[in-house]
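Derivation of every value follows stated rules applied to the coordinates shown; laboratory data play no part. Model, not experiment: these values are computed from the prediction. When we count neighbours, we look across all protein chains shown, and the Cβ atoms used for this are built from the backbone with ideal geometry, even at glycine.
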Amino acid sequence: MSKFRYTGLKDGEIRIIELQPGGDSDKVQGSLKVVPVKKPIFEWYSALSYNWGPESQPRRTIVLDDQQLEVRQNLFEALQQLRYLDRCRRLWIDVICLNQEDSSEKQRQIPLMSLISSKAKTVEIWLGTGEGNGELGLCSLASGELEAIATLEIVCAVIDLLQLSWFSRVWVIQELTLAGNGVAFVNCGSARVTLDELSLGITEIYDTLNLQGASLRGFVP
């Protein structure tokens, strides 16, 4: 199977990845569709917000249009988790939907970034696979039992969650602001909450324990 090759984009066009359904053991595969950004053919796509991670990450191979494309481990795990089991999922992902080897294309696409984000129906925030206590922290916030979760273990888990690399990204606030009316979902492993639920849960823990300092408060969006 050959290495993936991009086809060019005309002015006002973007690429959307159409991710094929699959389970944990299935290969990650899909296709790249070229669509006009102002009147996208697809009525639904999600924008992925994640931390690229260090260059030293292992590379994994996905299949796009019967060609191979290498991505970093963190993104590969996001695609595995975020794809549907029974239908295709459409995503805009910067490192895939932009030809990273074409500086001219990237310069032309930068002015479209705000429009791409604003047209996304959801923003999917990927924090990672949930190693350590991160997934526990998000699961606790997802339980909806906010008054009962503020144990020491859960507070520590939430702090671990908020120390994941996504929260240190420079572009986080800008990305979420540009998302317009789309709902933002926070994903850590298999745990999933809305960004509003995350913010509410952090505030609830802070207020319940009357915590001092900014360990939690500083992360409330």
Quiz item: In what sequence do GLU204, GLU70 fall when counting other Cβ within 10 Å, fewest first?
Solution: GLU70, GLU204
Quiz item: Taking other Cβ within 10 Å of each residue's Cβ, how do SER2, SER118, SER46 sort, fewest first?
Solution: SER2, SER118, SER46
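What net charge is computed for the residues neighbouring LEU85, neighbours being all others with C-beta under 11 Å from the C-beta of LEU85, Lys and Arg scored +1, Asp and Glu -1?
Around LEU85, the surrounding residues sum to 0.
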Quiz prompt | Net charge of neighbours whose Cβ lies under 14 Å from the Cβ of ARG59, counting Lys and Arg as +1 and Asp and Glu as -1 | solution = 0
Practice problem: Using a cut-off of 9 Å between beta-carbons, work out the net charge of the residues near VAL28 (Lys and Arg +1, Asp and Glu -1, VAL28 not included). | Solution: +2
Self-check item: Among the listed pairs LYS3/LYS38; LYS10/LYS106; LYS27/LYS106; LYS10/LYS38; LYS27/LYS121, those beyond 20 Å (Cα-Cα)
Solution: LYS3/LYS38; LYS27/LYS106; LYS27/LYS121
Quiz prompt | Footprinting exposure proxy for ILE96, ILE110 (fewest neighbouring C-beta atoms within 10 Å first) | solution = ILE110, ILE96
Quiz item: Sequence-distant or interchain residues sharing an amide H contact under 5 Å with GLN29, placed H: which?
Solution: GLN20, VAL63
